[in-house]
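One structure is given here, and the rest of the page talks about it.
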Amino acid sequence: MALAGIFIVLVICLLVALAPFIAPYDPMTQNLLNRLQPPSAQHWLGTDDLGRDLWTRILYGGRISLSVGLLAMSVSILLGSLIGLVSGYYGGWIDSVLMRMTEIFLSIPRLFVLIALGMFLRTLDLPTLKAGSFLPIALVIGALSWMGTARMVRASTLALREREFVQACRALGGSNARLLFRHILPNVASPIIVSATLGLSGAIISESGLSYLGFGVQLPTPTWGNMLSNTQSQMTTAPWTAIFPGLMIFLVVISINYIGDGLRDALDPRHAPR
Amino acid sequence: MKSFKPLFLFVVALALILTACGGPATPAPSQPEQPQQPAQPAATEAPQATEAPTVDPNAPVRGGTLIFGTPQEPGILNTLLTSSSIEDAVTSLFVEGLVQVNEKGEYVPVLAEELPTVSEDGLVVTWKLKKGVKFSNGKEFTCEDVKFTMEGALSDLSQVSTSGYRDIETLECPDPYTVVATFSELYAPYLRLFAYIVPSDAGPLDQMETWEYNQKPWGTGPFVLEEWTPGDHLTFVRNPYYREEGKPYLDKVIIRVLPSREVGIQLLGTGEIHALWDITEADLPALAKMEEQGVTYSAAVTGENELLVLNFGANDGSAPADPAQNPHPILYDLRVRQAIQYAINKQMIADTLLYGNVKPGSTVLPAGPFACPQPPSEYNPEKAKALLEEAGWKVGADGIREKDGLRLSLKINSTSGNLLREQTEQVLAEMLKQVGIELTIENMPSDVFFAGGESDGLRDLGKFDILLYTTGPALDPDSHLFSNYTSYRIPTAENEWSGANFSRYINPDVDKWIDEAAVSMDLQTRKTLYCKVAEQINKDLPRIYLYERLSISGHRKEFHNLTISPSFVDFAWGAQNWWLSK
C-alpha cells in the first residue's frame, strides 16, 4: 500500500510540477459562454463557473495546495517535535513552561487568532502578502497546528527517557543532543509521521478557509481548497466542479497516509517484517 | 487492530473531503422529518369541483394548505419588535397597514379608503379609513389602532426606527374613521409610517416585551396564527372576519422551518413544500433544473444595484474631506472611470453569471415611484483604450498600462464567501485586463468589510480603490441619495465617520438638487430633481451600477398569484389571492 501511495503522490507531484507544459489551457482564461460544461473531449474534467478548464486549474491549483500543505506540515512538525522532545526530555520547569504554552495555544480559538493575525498582516502591507502569495499562509497554518504533535512527542519522550538503552547511553557519557537526536528521536518517529500525514490534509483544507478571511491565496489564483469551497450551490447542477478537486485532495491525503503507515512500520525497530 | 487502520484513515480522509464540500458549519441534514400536517393540499376538497368541466383553469380554487419553507425562523411576531426580514415576511400574513407596496413599488391603500390628503405645506396628513374592517378577534378597526401603533413605535421598548415618527406632532381621531396626523417638520416619505397596524388591545405599551401578542398575534390580514411549534412550523388559518368576500382562498398557510436553503430547494422539487422564501440569484440554475418537476419562481427588482464604488480620494487612509486635496492617483481622473465603465460588459455578466434573470445596472433609481431609467452604458473596449491613452496611460511590457512609473493596477474588495461576487470580480478582472488595467481581488468577511471608521473600516477611511457590494434606495430615495452622494456625507474623522459617500464624490449641483427635493412636497418636482441627480451621477461616475438585484422566491407551479413586492416588508402582500391548483 505504501508503495502505491508513493507512486500516486509522485505522479501527482510530477503532473503538478509540469503544469505549464501539460496543461491544455491557460488557468486564468475565461470563457463565459462555455461555463459549467460537463467533462468532454475538449475539457477532460469539464469547465468551472467561469468557463475555465477544470483540469488545467487542478494542475495549477495543486502547485499551491501541495506547497502550502508540505510547508505548513514541515513547520508544524519541526516546531511540534522540537518542543515535545525538549519538554519531555528535560522535564521540570522547562516542561511546565512549554506545556503551559502549548495549552495556551490549544485553548485560543484558532479562527480568532487567524482573524487578528490577518488584520495585523494587512496593516503591515508586506510585499510578500500580495495576492497569490502562499508563504505567509503556510507559515501561519504551521505555526498554529504544532500543539498536537508536541504533546504526542512529549508523551513518548517521557516514556523513552527512562528506558534502559537511554540510561545506558547516558551512563556512557552521551551528550544530551546525542541522546535526543540519535536515540530518542528515531523512536518517536511514528507519532510524528502519523500527525504529519494528518496535518498535510488539514493544511490543504485550512488554506481555503484562510483565503476566506482575506489574507490567503486570493482569486483568481486556483488552489484545490478554493476550488472546492463555494461549490455547494453548484453541487446539483455541476457536480464535477466539486468532485474533481475533492478527489485530488482525497487521493493525496490517503496516499500520504499510507506512506506514513508504511514508514512507521519500516522505522519501528520492534515491528516484525511481514 | 492493525487491519482496521486503513479503513479508519479512509473514513477520516473521506470525512475531511465531505466537510470541505459542505462548506463550514453546515452539517449535512439528515433525512428531513415528515411534515406533521397533511403534505398534500388536496386533502381539503374544493366546493367548485362539481362544475369542473366548464371552469376556467385560471380561476382561483378555494381551499387547500400551502406550505412555505424558510431556512430562518421568526423569533417574535410583533411588528414593533421584529428585527429580521423573515419576521417581517411572516407578519405580513396577518398585519396590514393603511397602505402597502404593490409589485410595481407603488403605495396602494389597504385599510384606508384612498391615499391621504395632504395640506398645502405638507404638514397635515388626513386619512379616511375603511369602515367595518375587523381584526381576527372580532374587534373593529378604528383610528384608535392607528394612534396606538404610532405611540407604540415611539415607545421606549419599540425596535422600530423612530425617523419620521418623531416628527409627528399630534395624531388625532376626530371620528373613528378619520386620522389627522400633524407633522412638526416635513417628512416626505410619510406614507411609510402607516404601512402596518398593531391592534390597540394587544397590551399596555410599557410591557410590550411580555405581550402574549408577540407569540400569538392577530391582525386584520387574511390569515391568523393558529399554532406555533418552535423550530418546526407555524400554522396560519383563515381570518374569519377578513373584509374581502370569499377570500382568502387558502384554508391554511404553514411556514415550515428548514435546516438550510439547499434542503429547501430539494423539498421544492419533491413537492413537500410549495414555496421557498428568499433565495439568491445563484440558486436560480438549481431551480431551472427542476422546471420539469413543477418548480418556478417569482422575482421583483428591489431597487438596489450590485455596484462598484470608485474612490476619488487617495487610498492611504487619510480620509480627505475633499479628494482634490489628496486625490486617488488613478481614479480621480474621470477618463479612467469612464474607461472602466466602457470596459465592462454588463450584459455579459447579467446573461451568464445571473442566467439572464437580471437587468444590467444603469441608474441609481431603477424601481419604485421615483424610478428614473437611464440609457444603458456602452460596452466598448476600444473607447476605453482610447480614453486611457488620452489620459496618458501607455501599455507596458506585461500588457498593463503605466504612467510616470505607476502601474494601472487597482484592487477590488468585497465580502468573502459570496460565490456570485467572487465570480463577478474575476470576470471584471478579465474584462479590465483586456484594456490594460490590472484588477487584483482581496475579499474579507462582511463584518470586516462593513466595519466603521472607528474600527479602521476600509470604507470610511477610504483605504480602497474599488468596492463591490449592493446598495440602493428604499421606496423613497431621499435618505439614500443624501447619505451616499452629497458632499456633506463624506466620512471623515471630524464628522465621526458618518455618511456613506465613500467615493468622496463632490458635485455642488447634486447637493443642491437633493436638498431641494427633500423639502418639496410635489411628487413631480421631486421626481424631476432626483432624475437630474441620477443623470449627473452617470456622468461623474462615483459608482458603476453592474446589475439590478432581485428579491426572489421559488415556488411550485400549482401555487398561483405569488407576486413579490420590491419591499421585503410586504412579502406576503396579496396573500388573500394565493391559491393552489389541484
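A few remarks follow.
- Between the listed residues B:Val180, B:Ile441, B:Thr229, the Cα displaced farthest toward the positive end of the dipole of chain B, a dipole computed from Cβ unit charges relative to the Cα centre, is found at B:Ile441.
- Computed E for B:Thr170/B:Ser84 - FRET, C-beta separation, R0 41 angstrom, nearest 0.05: 0.80
- Amide proton proximity set for B:Lys411, modelled H, under 5 Å, gap of 5+: B:Thr440, B:Asp465, B:Ile466
- Multiplying the residue separation of B:Ile400 and B:Ser161 by 0.36 nm and subtracting their alpha-carbon distance yields 81.2 nm.
- The residues of segment A:32-57 listed by number as losing at least 50 Å² of accessible area in the complex, against the isolated chain and with a 1.4 Å probe, are A:Leu32, A:Arg35, A:Leu50.
- Per residue, the average separation of C-alpha pairs within less than 8 Å and at least 6 apart gives chain A a relative contact order of 28 percent.
- Only one residue of B:Asn357, B:Pro240, A:Gly142 has its Cα farthest out toward the positive end of the dipole of the protein assembly as shown, where Lys and Arg carry +1 and Asp and Glu -1 on Cβ, and that residue is A:Gly142.
- Qualifying lysines (Cα of each under 26 Å from Cα of B:Lys539; at least 8 residues distant if same chain): B:Lys346, B:Lys359, B:Lys383, B:Lys385, B:Lys394, B:Lys403, B:Lys411, B:Lys433, B:Lys463, B:Lys512, B:Lys527
- 3J(HN,Hα) from dihedral phi, segment A:250-261, Karplus parametrisation 6.51/-1.76/1.60, rounded to Hz, x for glycine, proline: 4, 4, 5, 5, 5, 4, 5, 4, 5, 4, x, 4
- Centre-to-centre separation between the Cα atoms of segment B:346-404 and those of segment B:200-279: 44 Å.
- For the pair B:Glu516 and B:Glu389, label points projected 7 Å from Cα toward Cβ lie 4.1 nm apart.
- Based on C-alpha pairs under 8 angstrom that are at least 6 apart in sequence, chain B has a relative contact order of 19 percent.
- Taking the Cα centre of chain B as origin and assigning +1 to Lys and Arg Cβ atoms and -1 to Asp and Glu Cβ atoms, the resulting dipole is close to 1600 debye.
- Extended-chain gain in nm, criterion 0.36 nm per residue less alpha-carbon gap, B:Ser487 and B:Asn561: 22.2 nm
- Accessible carbon and sulfur surface of segment A:35-84 relative to its total accessible area, %, 1.4 Å: 72 percent
- Here's the picture: charge each Lys and Arg Cβ at +1 and each Asp and Glu Cβ at -1 in the protein assembly as shown, and of B:Ser136, A:Ile184, B:Leu268 the one pushed furthest to the positive end of that dipole is A:Ile184.
- For chain A, the alpha-carbon coordinates run over 75, 51, 32 Å along the three principal axes, in decreasing order.
- Computed from the C-beta positions of A:Thr236 and A:Leu172 and an R0 of 60 Å, the FRET efficiency is 0.30 to the nearest 0.05.
- Relative contact order, percent, segment B:128-179 [alpha-carbon distance under 8 Å, six or more residues apart]: 43 percent
- Here is the list for segment B:177-242: GluC sites (Glu not before Pro) lying in DSSP coil, each with at most 16 other C-beta atoms within 10 angstrom of its C-beta, are B:Glu185.
- Size of electric dipole in the protein assembly as shown: Cβ of Lys, Arg +1 and of Asp, Glu -1, about Cα centre, debye, nearest 20: 4160 debye
- Leaving ligands and nucleic acids aside, the B/A contact buries around 3700 square angstrom of accessible area in total at a 1.4 Å probe radius.
- Chain B shape via C-alpha gyration tensor axes, a/c threshold 1.5: oblate
- Cα centroid separation, segment A:225-255 to segment A:1-51 (Å): 13 Å
- Applying 1/(1 + (r/R0)^6) with r as the Cβ-Cβ distance of A:Arg100 and A:Leu10 and R0 = 45 angstrom yields a FRET efficiency of 0.60.
- Computed [θ] at 222 nm, deg cm²/dmol, chain A (DSSP H ≥ 4; -39,500 (n - 2.57); rounded to nearest 500): -21500 deg cm²/dmol
- Remark: the protein assembly as shown carries 43 Å² of accessible area per residue (probe radius 1.4 Å; ligands, DNA and RNA excluded).
- Placing pseudo-labels 7 Å out from each Cα toward the beta carbon at B:Ser479 and A:Leu139 gives an inter-label distance of 4.7 nm.
- Taking amide H as placed 1.01 Å from N in the peptide plane, the amide H of B:Gly69 sits under 5 Å from that of B:Arg256, B:His274, B:Ala275, B:Leu276, B:Trp277, each at least 5 places away or on another chain.
- A helix-only calculation puts chain B at -7000 deg cm²/dmol for mean residue ellipticity at 222 nm, using -39500 (n - 2.57) for each DSSP H run of at least four residues, averaged over all residues.
- Estimated distance in nm for a label pair at B:Gln325 and B:Arg407, the labels positioned 7 Å out from Cα along Cα-to-Cβ: 3.2 nm
- Spatial separation of Cα centroids for segment B:294-338 and segment B:440-519, in angstrom: 9 Å
- Given their separation in residues at 0.36 nm each and the Cα-Cα distance between them, A:Phe181 and A:Glu164 gain 4.5 nm when the chain is fully extended.
- Counting only DSSP beta bridges with both residues in the protein assembly as shown, the antiparallel share comes to about 75 percent.
- Couplings for segment B:104-116, taken from phi via the Karplus curve 6.51 cos²θ - 1.76 cosθ + 1.60 with θ = phi - 60°, read 8, x, 9, 7, 10, x, 10, 8, 9, 5, 7, 5, x Hz in order; Gly and Pro are left as x.
- HN-Hα J in Hz across segment A:43-55 - Karplus 6.51, -1.76, 1.60, θ = phi - 60°, x for Gly and Pro: 10, 4, 10, x, 10, 8, 5, 10, x, 8, 5, 5, 4
- Straight Cα distances below 25 angstrom link B:Lys128 to the lysines B:Lys104, B:Lys139, B:Lys147, B:Lys247, with same-chain residues fewer than 8 positions distant left out.
- Built amide H within the under 5 Å cut-off of B:Glu304, gap 5+: B:Arg549
The values are calculated or read from the model by the stated rules, or taken from the named source; none is laboratory data. Predicted model only: the values in this text are computed from it and were never measured. Because the Cβ atoms are built from the backbone with ideal geometry, glycine has one as well, and the counts that use them run over all protein chains shown. Note: accessible area is taken over every heavy atom of the protein model, side chains too, but ligands, DNA and RNA are not part of it. Shrake-Rupley method; radii C 1.70, N 1.55, O 1.52, S 1.80 Å.
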